[in-house]
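Have a look at the structure below before the remarks.
What follows is calculated from the coordinates using simple rules that are stated; it is not laboratory data. Bear in mind the structure is a predicted one, so any value in this text is a computation, not a measurement. Because the Cβ atoms are built from the backbone with ideal geometry, glycine has one as well, and the counts that use them run over all protein chains shown.
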Amino acid sequence: MFELIIKAIEVQLFIFNAYSLKDKRSVVRSLIEKIKNRFNVSICETDNLSLWNKATIAIACVSNAAAHCDQIMDKVINFIDGDDRVEVTNISTIM
């Protein structure tokens, strides 16, 4: 029997050295593209669109195994944590 697993998380970020919306968008777009290309997940900026030093991104993964989704999300979070341009301030699961 086929099982469909969807996992989605929302990650809130503080962006260092962003002094305008242009600076912020440059960092966020770069981060989103790197994550899309490396992990094959759906991702977009969802909140704090007009704040220059904060961003909220939503990330979704679809798989036939919950463990695979968990593993991918852990890797994505570790990747974001490793980016010195941002700091993760909150992570929440979207139901």
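Rounded to the nearest angstrom and listed largest first, the equivalent-ellipsoid semi-axes of the stretch 23-70 from its Cα gyration tensor are 25, 12, 6.
The mean sequence distance of close C-alpha pairs (under 8 Å, at least 6 residues apart), as a share of the length of the chain, puts its relative contact order at 45 percent.
Please identify the GluC sites (Glu not before Pro) of the stretch 1-90 that satisfy two criteria: DSSP loop assignment and at most 16 other Cβ atoms within 10 Å. Which are they? Sparse-neighbourhood loop GluC sites (Glu not before Pro): GLU3.
For VAL86, the residues whose modelled amide H falls within less than 5 Å of its own, excluding neighbours fewer than 5 places apart on the same chain, are PHE16.
Counting only the Cα atoms, the chain fills a convex hull of 81 Å³ per residue. Student exercise: in the stretch 5-94, how many lysine pairs 8 or more apart or on different chains have Cα atoms under 17 Å apart? For the stretch 5-94, the number of qualifying lysine pairs is 7. The chymotrypsin sites (Phe, Trp or Tyr not before Pro) of the stretch 10-65 meeting both criteria, a DSSP state outside H, G, I, E and B (loop) and at most 15 other C-beta atoms within 10 angstrom of the site's C-beta, are PHE16, TYR19, TRP52.
Helical runs assigned H by DSSP (4 residues or longer) give the chain a calculated mean residue ellipticity at 222 nm of -12500 deg cm²/dmol, each run adding -39500 (n - 2.57) before division by the residue total. Taking other Cβ atoms within 10 Å as a rough exposure proxy, SER63, SER42 sort from fewest to most as SER42, SER63.
Near THR46, the amide H atoms lying under 5 Å from its own belong to THR56, ILE57, ALA58; only residues 5 or more places off or on other chains count, and H is placed 1.01 Å from N.
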